[in-house]
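Have a look at the structure below before the remarks.
All of the numbers you see were taken from the coordinates with simple rules; none came from a lab. Because the structure is a prediction, the values reported are computed rather than measured. Using ideal geometry, Cβ is built from the backbone for each residue, glycine included, and neighbour counts are taken over all protein chains shown.
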There are 2 protein chains.
Amino acid sequence: MNIRTAIIDAAEARIRIAGFHGFSFREIAADVGVKSASVHYHFPTKADLGAATAARYLQLLLEQLGDAIDARPLAVKLDTIKAVFRNGLVRDGMMCLCGALGAEISSLPAPVALQTKTFFEECRTWLRRAFATNGNVDPDASAVQCLALLEGALLIARSLDDVVVFDQATLLAKTHG
Amino acid sequence: MNIRTAIIDAAEARIRIAGFHGFSFREIAADVGVKSASVHYHFPTKADLGAATAARYLQLLLEQLGDAIDARPLAVKLDTIKAVFRNGLVRDGMMCLCGALGAEISSLPAPVALQTKTFFEECRTWLRRAFATNGNVDPDASAVQCLALLEGALLIARSLDDVVVFDQATLLAKTHG
DNA sequence: ATTGAACTACCAATCGATAGATAGACTGAT
DNA sequence: ATCAGTCTATCTATCGATTGGTAGTTCAAT
């Protein structure tokens, strides 16, 4: 019903498959069932669409993660973020949106690059606080380790077309807290 | 001197910055100082150029890594592969070529996707043998963990524009052998 | 004379983006 | 209640630029 939302849905899927340089307004329009001029009406430039898509992606992630410093055990929190990435692989067969954007970060329009950076900063902060609440000796390093492991595992499991690779690679995520 | 090599050099740089969908024959031609028709002479299609670029990238990596089962201590071997990835970040300011390609794997022409997959398989095999030679309890899992950590650390350090992030994220690579 | 490697010139298709028209829904004054 | 004016969201049509790719030519080296 909401065309604007449907446009972001289509853009998210396209970017997660082919990156920012790998989709066009006409493809998005065809996905949604409108003309490309209508997509430009909602998002004047491709940068606007990319930034809006990344912003919504971050918002939805944070909703799924919940409070980083609540009473849940660290293992539960880590399983939660791990499940989000794993679902992207198993359910959608797609990259993390910002993983795809991050791979081409230095060729992105400024607003898209900024949103991508914000995504990773927010992920790092959430993980750092989760680790710190658990009394981790180096929560900052643990946070970037965990984040790198998740993004890398997704990238490689998808490239090798093997979910087992993701599970093998993320075994550590439970234990190095 | 060798135009063909210069074309692959340019393609490698472009792909590592903007991905497979983010460069054109005309850009490559301009980089090298020839016309786009000359690039097509050496590489008839974009898929040919992409696959050749990935193949050379793998070959150069394997040369840098050396024998996976020689007498070097595991820590030295891991430092070697870690340095290769770190150099890509610090010296070139670029992604791993196959990290960039892997992020868009399901939208790549078949020959390029295949070469990308081969790259990760070769990396995994090298790491698995290095871990196994050292008596690691689960060399297969350790190999994909290490590979995921390296690719993920590169991706996130570049996105956050902070080399420290790479070093923090890859601290584990030495100890979990 | 043949060949490798470059060139000029072009193709149809697609790119992101814009202009202008239109149909319907809402708003406020009569 | 009606009508004029405005707004929203879409459309058709088009722009100049660029895309991957091709045909045919030139020229130096063998």
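Of A:Leu60, A:Leu149, A:Leu78, the residue with the greatest mean-square motion in the GNM of chain A, using alpha carbon springs below 10 Å, is A:Leu60. Binning all Cα-Cα separations of region B:1-104 at 10 Å, short to long from zero, yields these whole-percent fractions: 14, 42, 28, 12, 3. When +1 charges are put on Lys and Arg Cβ atoms and -1 charges on Asp and Glu Cβ atoms, the dipole computed for chain A relative to its Cα centre reaches about 200 debye. Projecting 7 Å from Cα along the Cα-to-Cβ direction, the label point of A:Arg91 sits 4.3 nm from its equivalents in the other copies, listed shortest first. Here the Karplus relation 6.51 cos²θ - 1.76 cosθ + 1.60, evaluated at θ = phi - 60°, turns the backbone of region B:106-123 into coupling constants of 7, 10, 8, x, 3, x, 6, 4, 5, 5, 5, 4, 4, 4, 5, 5, 5, 4 Hz, with x for every Gly and Pro.
Who wins for biggest fluctuation among B:Gln115, B:Gln59, B:Gln145 in a Gaussian network model of chain B, springs between alpha carbons below 10 Å? Top of the fluctuation ranking is B:Gln59.
For the protein assembly as shown, the spread of Cα coordinates along the three principal axes comes to 56, 52, 31 Å, biggest extent given first. Farthest towards the positive end of the charge dipole of region A:47-175, among the residues A:Thr125, A:Pro73, A:Ala157, is the Cα of A:Pro73, using unit charges on the Cβ of Lys, Arg, Asp and Glu.
Rounded to the nearest 20, the Cβ-based charge dipole of the protein assembly as shown about its Cα centre (Lys and Arg +1, Asp and Glu -1) stands at 320 debye. When B:Gln64 is represented by a point 7 angstrom out along its Cα-to-C-beta vector, the spacings to that point in the other copies are 3.3 nm, nearest first. Start at zero, step by 5 Å, and the Cα-Cα distances of region A:116-177 spread as 4, 20, 24, 21, 17, 12, 3, 0 percent across the bins. Here the translational diffusion coefficient of region A:47-175 follows from Stokes-Einstein with Rh set to the Kirkwood radius across Cα pairs; for 10 °C and 1.306 mPa s it amounts to 106 µm²/s.
Each of A:Glu27, B:Glu151, B:Glu12 was scored by other Cβ atoms within 10 Å of its Cβ. Listed from fewest to most, they are A:Glu27, B:Glu12, B:Glu151. Only lysine pairs 8 or more places apart or on separate chains count here, and in chain A those with Cα atoms under 28 Å apart total 7. The sum of -39500 (n - 2.57) across all DSSP H runs of n ≥ 4, divided by the residue count of chain A, sets its helix-only mean residue ellipticity at 222 nm to -23500 deg cm²/dmol.
Closest approach of a chain A beta carbon to the axis mapping chain A onto chain B (residue, whole Å): A:Gly152, 1. If we hang a label 7 Å off Cα along the beta carbon direction at B:Val76, how far is it from the matching labels on the other copies, in nm, shortest first? Taking the point 7 Å beyond Cα along Cα→Cβ, the inter-copy spacings are 4.8 nm.
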